[in-house]
Amino acid sequence: MDVALHPRRALVTGASSGLGLGCARALSAEGAQVTLVARSAERLAAAAATLPGASAGRVHTVVADVSDTEQVTSMVEQAVAAMGGVDIVIANAGGPPPGNFASTDLAAYLPALQLSLLSTVAMCKATVPAMSERGWGRVVAITSVSVRQPIPHLILSNTARAGLTGFLKTLALEVAATGVTVNSLQPGLHLTDRLAALYADPTAAAQGIPTRTLGDPDDFGRIAAFLCSDAAKFITGTHIPVDGGAYAGLQ
């Protein structure tokens, strides 16, 4: 199967570690030019150095906080300046703080929506029109399996990511005829910093997964790269669990 992505240009947020970095590595390995985005310049530089295309000048970095929509606009402008355009968006952001209904104040919802919903809307507003004009584009958002099966004590994430999924499905239908696909990946438990922050013993969490293993961010990245390829041009409006079989529903 041909997953070659040269000469596509990819923008990956939340890319200094975890699932975002796994996606950036996979895209770079398939020949794409990649701009990594995160809040820490130091961590970005370290992450960028691990990409296959780094030595060939195909890797760029932009420091930005995607929860700030003005920074999202500037981030896209910098990526366009570095690469000449953006053909692929991997929309990834860290999750909001844990909590349940009783412990979560109303004031906490807006920052959560800005981080986990509106950041992706802003990225799409800044990139999808140009993709549609060129007749080719890919948007892959990283959400969560909580969209299908809410996770206890993550009410902010459950709420924001469900709303984002509705936006992505609507956008996919509106731009499908222009050659732009819009999909999301719904990760279960992967070996990331976020998992370590939520679980005292991350490896013990694997016992609740049918595969009895935690997900590998690099494997996750290769799934994202496939969705960005020409081979996946007939896949749009989908929301794909990547969770080792943890979600038990039929739909």
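The values are calculated or read from the model by the stated rules, or taken from the named source; none is laboratory data. This one's a predicted model, so the numbers in the text were calculated from it and none came from an experiment. So basically every Cβ, Gly included, is an ideal-geometry build from the backbone, and we count neighbours across all protein chains shown.
Restricting segment 132-158 to residues that are hydroxyl-bearing (Ser, Thr, Tyr), crowded, with 19+ Cβ neighbours inside 10 Å and at pLDDT 95 or above, which is nearest to residue 238 (Cα to Cα)?
Quick first cut of segment 132-158, residues hydroxyl-bearing (Ser, Thr, Tyr) only: 132, 143-144, 146, 157.
When the remaining residues are screened for being crowded, with 19+ Cβ neighbours inside 10 Å, the result is 143-144, 146, 157.
Retained after the next criterion (residues that are at pLDDT 95 or above): 143, 157.
Details: 143: 12, 157: 20 Å.
Going through the qualifying residues, I end up with 143.
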- [ ] Determine, yes or no, whether residue 127 is surrounded by fewer than 22 Cβ atoms within 10 Å (Cβ to Cβ), of a type in the set (Ser, Thr, Tyr) and farther than 19 Å from residue 190 by Cβ.
- [x] no
TODO: Go through segment 72-121 and give me each residue that's touching a Lys or Arg at 6+ places or on another chain (Cβ under 7 Å), more than 21 Å from residue 18 (Cβ to Cβ) and not β-branched (Val, Ile, Thr).
DONE: 83, 84, 85, 87
- [ ] Would you mind finding the one in 177, 204 that is out of contact with any helix residue (DSSP H, G or I) (no Cβ under 6 Å at 6 or more places or on another chain), modelled with pLDDT of 95 or more and of a type in the set (A, V, I, L, M)?
- [x] 177
Open item on the list: Please verify whether residue 55 is in a helix (DSSP H, G or I), farther than 23 Å from residue 143 by Cα and among the hydroxyl-bearing types (Ser, Thr, Tyr), treating the condition exactly as stated.
Closed with: yes
Open item on the list: Suppose the filter is among the β-branched types (Val, Ile, Thr), out of contact with any Ser or Thr (no Cβ under 6 Å at 6 or more places or on another chain), under 20 Å from residue 118 (Cβ atoms) and in contact (Cβ under 8 Å) with a residue 12 or more places away in the chain; does residue 12 pass it?
Closed with: yes
Task: Members of segment 163-195 found to be in contact with a Ser or Thr (Cβ under 7 Å, 6 or more places away or on another chain), among the hydroxyl-bearing types (Ser, Thr, Tyr) and surrounded by fewer than 20 Cβ atoms within 10 Å (Cβ to Cβ), listed by number - done: 165, 178
